[in-house]
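Since the structure comes first, as structure tokens, the remarks are kept for the end.
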There are 2 protein chains.
Amino acid sequence: MTSAGPPRDHGDPGDAPTVPPPLTEPAPARRPSAAEEARTIAASTNTGTLATLTADGDPWASFVTYGLLEGAPVLCVSNLAEHGRNLATDPRASIAITAPSTDADPLASGRVTLAGHVEAPVGAERDAAREAHLGAVAAAKYYLDYSDFTLWVLRVDRVRWVGGYGRMDSATGRDYTAAQPDPVAPRAAGAIAHLNADHADSLAAMARALGGYPDTESAVCTGADRYGLDLRLDTPRGMAYTRVGYPRPIDSIDELRSAAVELVKMARGG
Amino acid sequence: MTSAGPPRDHGDPGDAPTVPPPLTEPAPARRPSAAEEARTIAASTNTGTLATLTADGDPWASFVTYGLLEGAPVLCVSNLAEHGRNLATDPRASIAITAPSTDADPLASGRVTLAGHVEAPVGAERDAAREAHLGAVAAAKYYLDYSDFTLWVLRVDRVRWVGGYGRMDSATGRDYTAAQPDPVAPRAAGAIAHLNADHADSLAAMARALGGYPDTESAVCTGADRYGLDLRLDTPRGMAYTRVGYPRPIDSIDELRSAAVELVKMARGG
């Protein structure tokens, strides 16, 4: 590849590996919506990067901490700082949040942009916003009540979610606010490790019977959420990805074990 | 503290701990400039958050990867993505970069905003920019040459550096470009651990003789760079911070040991 070579389009995979298609129709497997994915990412950390407008209308990126009030980021910024001055002059803002990841490829990580405008909360909402920020950013107790700091609630008008390569979608602010963060995914690492260490045969059986890949040789669980399991599998035709859905959504990590048992029964015709 | 209480100003530390002042004049100890700190942070990672302008002039924050070409961030973004469309329409942009940190308090981490405008490099600069991006973001080889991806170089007009609580400064784009990233700080973790584990007495001697705190009871090295060591120390009056400077700047981590030995000699009147 040289910069002088012919342009290549996304439609031409070039030397990228090809993924074998399913051989049978996969069983239905609900995925979290973009709004749910966005709520989950927003709930996964307490830092992000804010984009605001300078007095000249230039875009200004700056590191911020936040808490969440029904999904709305609550900022506490100094009016002496550039982003604080910007927000006081023009309330338009967006925040980019990246989920913590151990993947060596940064573009494989999930991230979200929440765009809208900030408002200074008043009355009971101010109290709730204050608690939301303090609950997420303990160190804020040292400066939150200084007079040059302002609490801002970001009213989310629109959302762009990127789940990694090729997984992305938009959501309205309304859908984002109505959604709930996933109760399972952020706590699933231990359960996933257990599935992979002790139940590899069951995962392969799920991929064969439910995932559309009857030629699965082995399978690894790469994620678990309220609706199902993500699987990566090997076939004689190459590596592929699929997903298997529980019979019913679950509400907590405590239900993951029984949901996985039900999946095994379904996979084995039970 | 309640939200109904009287406002407190930065000038009123309230219940924040007070820091005892030096008792003697500290020896001169050069610090990295804001431009140098910014170059060091920019060189410490390959991910940041870009702020661009939408068609409506709204600020848009989005996750990006980058390489560096003489300090200028080199982006490779899809024209199909929102930030790609934004840059193609309005070249104004800034990027916020946060140094990797293990500190539990996110606001203690170093970060920088580089603001300016993007240009599509041409000719030899395009080749250099391409190599700079690929050198920093290995996965870019899979998409960099697709026709919907554009290489952009961010021409840095101004810089805002925040080194943590109370350490911050601005720099011009010219000073930023002329500065060099620190050759020592990013590789100093092992040497700092060794100093703290095996040479605590020497660090305390430095703090007493050179750092302005003759009543130092113990000292810990919290950072090392091309110009000197940062120390945190305990005195009967409370915890304080100081800095000791090598006789001459050093150019590599290999010189840190001999520089530290020289500091010990200076501290012990050698």
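For region B:113-127, give me the residue count where each residue is at the interface with chain A (Cβ under 7 Å from one of its Cβ atoms) and under 22 Å from the mean Cα position of the chain (by Cα). Show your work before the answer.
Filtering region B:113-127 for residues at the interface with chain A (Cβ under 7 Å from one of its Cβ atoms) gives B:113, B:115, B:126-127.
Of the ones still in play, those that are also under 22 Å from the mean Cα position of the chain (by Cα) are B:113, B:115.
Matching residues across region B:113-127 total 2.
Scan region B:185-242 for residues that are of a type in the set (Asp, Glu) and within 21 Å of B:GLY163 (Cβ to Cβ) and report the count.
Going through region B:185-242, the residues of a type in the set (Asp, Glu) turn out to be B:198, B:201, B:215, B:217, B:225, B:230, B:234.
With within 21 Å of B:GLY163 (Cβ to Cβ) added as a condition, the list becomes B:225, B:230.
Residues flagged as of a type in the set (Asp, Glu) and within 21 Å of B:GLY163 (Cβ to Cβ) within region B:185-242 amount to 2.
Report, ordered by the first and then the second residue, all pairs with beta carbons closer than 7 Å, sequence separation of six or more or different chains, a first member in region B:249-270 that is free of Cβ contacts under 8 Å to residues at least 40 places away in the same chain and in the same structural domain as B:PRO214 (by the TED database), and a second member that is of a type in the set (Val, Ile, Thr) and part of a loop (DSSP other than H, G, I, E, B).
B:ALA259/B:ILE250
When you check A:ARG130 against the structure, is it surrounded by 19 or more Cβ atoms within 10 Å (Cβ to Cβ), over 12 Å from the mean Cα position of the chain (by Cα) and basic (Lys, Arg), yes or no?
Working: surrounded by 19 or more Cβ atoms within 10 Å (Cβ to Cβ): yes; over 12 Å from the mean Cα position of the chain (by Cα): yes; basic (Lys, Arg): yes.
So A:ARG130 fits the description; yes.
Just for helices (runs of 4 or more DSSP H) wholly inside region A:167-216: which have at least 2 residues that are assigned by the TED database to the domain that holds A:LEU69?
Values: elements: A:173-178, A:189-198, A:200-209.
In region A:167-216, A:173-178 are the helices (runs of 4 or more DSSP H) which contain 2 or more residues that are assigned by the TED database to the domain that holds A:LEU69.
Of all residues in region B:137-155, count the ones that are more than 10 Å from chain A (Cβ to nearest Cβ) and either assigned to a helix (DSSP H, G or I) or under 28 Å from A:ALA108 (Cβ atoms) (or both). Show your work before the answer.
Taking region B:137-155 and keeping what is more than 10 Å from chain A (Cβ to nearest Cβ), we get B:150, B:152-155.
Filter again for either assigned to a helix (DSSP H, G or I) or under 28 Å from A:ALA108 (Cβ atoms) (or both), leaving B:150, B:152-154.
Qualifying residue count, region B:137-155: 4.
Tell me which residues, restricted to region A:18-44, are at pLDDT below 95 and among the β-branched types (Val, Ile, Thr).
The answer is A:THR18, A:VAL19.
Is it true that B:ALA193 is at pLDDT 95 or above, crowded, with 21+ Cβ neighbours inside 10 Å and farther than 21 Å from B:LEU50 by Cβ? Steps first, answer last, please.
Details: at pLDDT 95 or above: yes; crowded, with 21+ Cβ neighbours inside 10 Å: no; farther than 21 Å from B:LEU50 by Cβ: yes.
No, not satisfied.
What number of residues within region A:102-159 are under 20 Å from A:THR45 (Cα atoms), at pLDDT below 95 and of a type in the set (S, T, N, Q)?
2
Return the pairs, sorted by first residue and then second, in which the second residue is aromatic (Phe, Trp, Tyr) and not in a loop (DSSP other than H, G, I, E, B), the first residue lies in region B:36-48 and is over 12 Å from B:ALA96 (Cα atoms), the beta carbons are less than 6 Å apart, and the residues are 6+ apart or on different chains.
That search, which allows pairs on different chains as well, returns B:GLU37/B:TRP161.
Residues being on the phi < 0 side of the Ramachandran plot and surrounded by fewer than 23 Cβ atoms within 10 Å (Cβ to Cβ): count how many of those fall in region B:68-108.
Initial filter on region B:68-108 (on the phi < 0 side of the Ramachandran plot): B:68-69, B:72-108.
From the residues that got through so far, the ones that are surrounded by fewer than 23 Cβ atoms within 10 Å (Cβ to Cβ) too are B:68-69, B:78-82, B:84-85, B:88-92, B:98-108.
Adding up the residues that qualify gives 25.
Within region A:109-126, restricting attention to residues that are of a type in the set (Gly, Ala, Ser) and surrounded by 15 or more Cβ atoms within 10 Å (Cβ to Cβ), which residue is nearest to B:ALA138 (Cα to Cα)?
Going residue by residue through region A:109-126, those that are of a type in the set (Gly, Ala, Ser) are A:109-110, A:115-116, A:120, A:123-124.
Going one step further and asking which of them are surrounded by 15 or more Cβ atoms within 10 Å (Cβ to Cβ), we end up with A:109-110, A:115-116.
Working: A:SER109: 15, A:GLY110: 19, A:ALA115: 30, A:GLY116: 34 Å.
Applying the filter and picking the extreme gives A:SER109.
What do you reckon, is B:LEU114 in contact with a Leu (Cβ under 7 Å, 6 or more places away or on another chain) and either not in a helix (DSSP H, G or I) or not hydrophobic (A, V, I, L, M, F, W, C) (or both)?
Yes.
For the condition at pLDDT below 95 and either in contact with a Phe, Trp or Tyr (Cβ under 8 Å, 6 or more places away or on another chain) or closer than 18 Å to B:ARG158 by Cα (or both), what is the one hit in B:ASP15, B:ASP9?
Numbers: B:ASP15 fails: either in contact with a Phe, Trp or Tyr (Cβ under 8 Å, 6 or more places away or on another chain) or closer than 18 Å to B:ARG158 by Cα (or both).
Selected residue: B:ASP9, the only one of B:ASP15, B:ASP9 that is at pLDDT below 95 and either in contact with a Phe, Trp or Tyr (Cβ under 8 Å, 6 or more places away or on another chain) or closer than 18 Å to B:ARG158 by Cα (or both).
Can you tell me which residue in region A:212-259 is nearest to the chain's Cα centre (by Cα), limited to those that are among the aromatic types (Phe, Trp, Tyr) and surrounded by 18 or more Cβ atoms within 10 Å (Cβ to Cβ)? Talk me through it step by step, then tell me what you get.
Applying the first criterion (among the aromatic types (Phe, Trp, Tyr)) to region A:212-259 yields A:213, A:227, A:241, A:246.
Now restrict to residues that are surrounded by 18 or more Cβ atoms within 10 Å (Cβ to Cβ): A:213, A:227, A:246.
Values: A:TYR213: 27, A:TYR227: 14, A:TYR246: 20 Å.
Filtering region A:212-259 for residues that are among the aromatic types (Phe, Trp, Tyr) and surrounded by 18 or more Cβ atoms within 10 Å (Cβ to Cβ), the one nearest to the chain's Cα centre (by Cα) comes out as A:TYR227.
Which of the residues spanning region B:81-112 are over 30 Å from B:PRO32 (Cα atoms) and either within 16 Å of the chain's Cα centre (by Cα) or facing chain A (nearest Cβ under 8 Å) (or both)?
Start the filter on region B:81-112 by keeping residues that are over 30 Å from B:PRO32 (Cα atoms), which leaves B:81-91.
Selection gives B:GLU82 alone.
What is the number of the single condition among (1) outside any helix (DSSP H, G or I); (2) modelled with pLDDT of 95 or more that A:SER258 does not meet?
With respect to (1) outside any helix (DSSP H, G or I); (2) modelled with pLDDT of 95 or more, A:SER258 is out only on (1).
Taking only region B:55-67 into account, find how many residues are surrounded by fewer than 19 Cβ atoms within 10 Å (Cβ to Cβ) and either in contact (Cβ under 8 Å) with a residue 60 or more places away in the chain or facing chain A (nearest Cβ under 10 Å) (or both).
Applying the first criterion (surrounded by fewer than 19 Cβ atoms within 10 Å (Cβ to Cβ)) to region B:55-67 yields B:55-57.
So of that shortlist, the ones also either in contact (Cβ under 8 Å) with a residue 60 or more places away in the chain or facing chain A (nearest Cβ under 10 Å) (or both) come out as B:56-57.
Selection size over region B:55-67: 2.
Given the residues A:VAL122, A:VAL118, which is the only one that is closer than 19 Å to A:ILE95 by Cα and either among the aliphatic types (A, V, I, L, M) or without any contact (Cβ under 8 Å) to a residue 24 or more places away in the chain (or both)? Full working, then the answer.
Values: A:VAL122 fails: closer than 19 Å to A:ILE95 by Cα.
Matching residue, one of A:VAL122, A:VAL118: A:VAL118.
Report, by residue number, each residue of region A:200-249 that is aromatic (Phe, Trp, Tyr) and touching a Pro at 6+ places or on another chain (Cβ under 8 Å).
Of all residues in region A:200-249, those aromatic (Phe, Trp, Tyr) come to A:213, A:227, A:241, A:246.
Passing the criteria: A:TYR213, A:TYR227.
Just to be sure before I move on: is A:ASP157 in contact with a His (Cβ under 8 Å, 6 or more places away or on another chain), of a type in the set (Asp, Glu) and farther than 29 Å from B:ASP169 by Cα in the structure I sent? Full working, then the answer.
Values: in contact with a His (Cβ under 8 Å, 6 or more places away or on another chain): yes; of a type in the set (Asp, Glu): yes; farther than 29 Å from B:ASP169 by Cα: yes.
Here the answer is yes, as A:ASP157 does meet what is asked.
The values are calculated or read from the model by the stated rules, or taken from the named source; none is laboratory data. Bear in mind the structure is a predicted one, so any value in this text is a computation, not a measurement. Methodologically, a virtual Cβ is constructed for each residue, glycine included, from the backbone with ideal geometry; neighbour enumeration extends over all protein chains shown.
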